[in-house]
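What follows draws every value from the coordinates through simple rules; no lab data is involved. This one's a predicted model, so the numbers in the text were calculated from it and none came from an experiment. Here the Cβ is made from the backbone with ideal geometry for all residues, glycine too, and neighbour counts use every protein chain on show.
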Amino acid sequence: MRALILKMSVSIDGFACGPGGELDWMFPTYDPEASAWTVAKISDVGLHIMGSRSYQDMAAHWPYSTEPVAAPMNDIPKLIFSRRGAVALREQLTTRALADARRNSDRTIAPDAERKRRAWENAPVASGDLVAEITELKAQDGKPVLAHGGVGFVQSLAATGLIDELQLLTHPALLGRGLAPFAKLPAPLQLELVESRRFPAGGVANVYRKKP
C-alpha cells in the first residue's frame, strides 16, 4: 500500500486561486526556503497525478524551467486524470495560472527542454471511475502518490475520502473570493497536524494526516 498525498498552495481564507485562476498573490511570499521545502516534498514520491488543465499548464512550463522545482516535476512519472481521455491533453488550453507563473519565473530556457516536453506529452491518462483508479494506485507498492490541482480535480479527489495526507503551504494573503479546493467535501474531515514550518516571507507549511 502507498499513501495518497495532496499538496497545494492556499490563501489564508482557503482559496487555491482567484476566481479567474489568478496566482499572482502567491509569488511575493514564495521565498527560497519555501521553494526548498516544496522540492523536498515533491521529490520523495513515486508518482505525480493531476487534472488535465493543470497538466496543460505544467507541460507548457516545467520542461523549459530552470527553477529548483522543475527537476522533480520533469523527472518523476506522471499520470493525468481526465474524464475525456487523451483528447483533453491535445487541446493545449492553458490558464491564467501559467501566465502568472511565467511572469514570476526566470526566463532562462532549460537545456534539453524539448526532450522533457516530449516526456510530458507521453504521460498516460486515467479516465475511469476516480475512486477505482485511486484505490488501484494506492494498492500498489512503492513511494507515495502526490496529487496536484487543478481545483476541480482536487474537489473530486477530496470528496472520495482517499487522501491520506495534506501538505498545505498557506500564503499570508486574503482573496475574499476564489476557487476553494475543499468546497465539495461530503462531511467535515478531522485531521492531525504532524508538521508545521514558517518561512521568512510569511508563508506557513502545515502537513496534516487523517486521524486513525
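Under unit Cβ charges (Lys, Arg +1; Asp, Glu -1), what dipole magnitude, rounded to 20 debye, does the chain have relative to its Cα centre?
Working: 25 positive and 23 negative charges, 59 e Å.
Charge dipole of the chain: 280 debye, to the nearest 20.
May I ask you to order 144-152, 185-193, 66-74, 123-131 by the average number of other C-beta atoms within 10 Å around their residues, highest value first?
Details: 144-152: 22.0, 185-193: 10.2, 66-74: 18.0, 123-131: 14.6.
The packing order, highest mean first, is 144-152, 66-74, 123-131, 185-193.
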Would you please classify the overall shape of the stretch 1-55 from the alpha carbon gyration tensor, given that a ≥ b ≥ c denote the square roots of the eigenvalues, rounded means a/c under 1.5, and beyond that prolate means a/b larger than b/c while oblate covers the rest?
-> oblate
Quick one: which residues, 5+ away or cross-chain, put their amide H under 5 Å from the amide H of Val10? H built at 1.01 Å from N.
-> Leu169, Thr170, His171
Within the under-11-Å Cβ sphere about Leu47, not counting Leu47, Lys/Arg +1 and Asp/Glu -1 give a net charge of +4
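Please work out the Cα convex hull volume for the chain and give it in Å³ per residue. Could you put the intermediate results ahead of the total?
Details: hull volume 25.0 nm³, N = 212.
Looking at the chain, the number lands at 118 Å³ per residue.
With an 8 Å Cα cut-off and a minimum separation of 6 or more residues, compute the relative contact order for the chain in percent.
Values: 401 pairs, mean separation 78.6, N = 212.
Over the chain, the number comes to 37 percent.
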How about Lys210: which aspartates and glutamates have a C-alpha closer than 12 Å to its C-alpha, ignoring those fewer than 8 places off in the same chain?
-> Asp164, Glu165, Glu192
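Mind sorting Glu121, Glu165 by how few other Cβ atoms lie within 10 Å of their own Cβ, fewest first?
Working: Glu121 11, Glu165 19.
So the residues, fewest neighbours to most, are Glu121, Glu165.
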The local net charge around Glu136, scoring Lys/Arg +1 and Asp/Glu -1 for residues other than Glu136 whose Cβ lies under 13 Å from its Cβ, equals -1
The chain - mean residue ellipticity at 222 nm from DSSP helices (-39,500 (n - 2.57) per run, n ≥ 4, rounded to 500) | -9000 deg cm²/dmol
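For the stretch 148-212, compute the orientation-averaged projected area of the C-alpha convex hull (one quarter of its surface), in nm². Could the numbers behind the result be given before it?
Working: hull surface 20.2 nm².
Over every viewing direction, the Cα hull of the stretch 148-212 projects on average to 5.0 nm².
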Furthest towards positive pole of dipole, Gly142, Pro186, Ser196, structure part the stretch 119-212, Cβ charges | Ser196
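Give me the net charge for the shell around Glu33: Cβ to Cβ below 14 angstrom, other residues only, Lys and Arg +1, Asp and Glu -1.
Working: positive: Lys41, Arg197, Arg198; negative: Asp31.
In short, +2.
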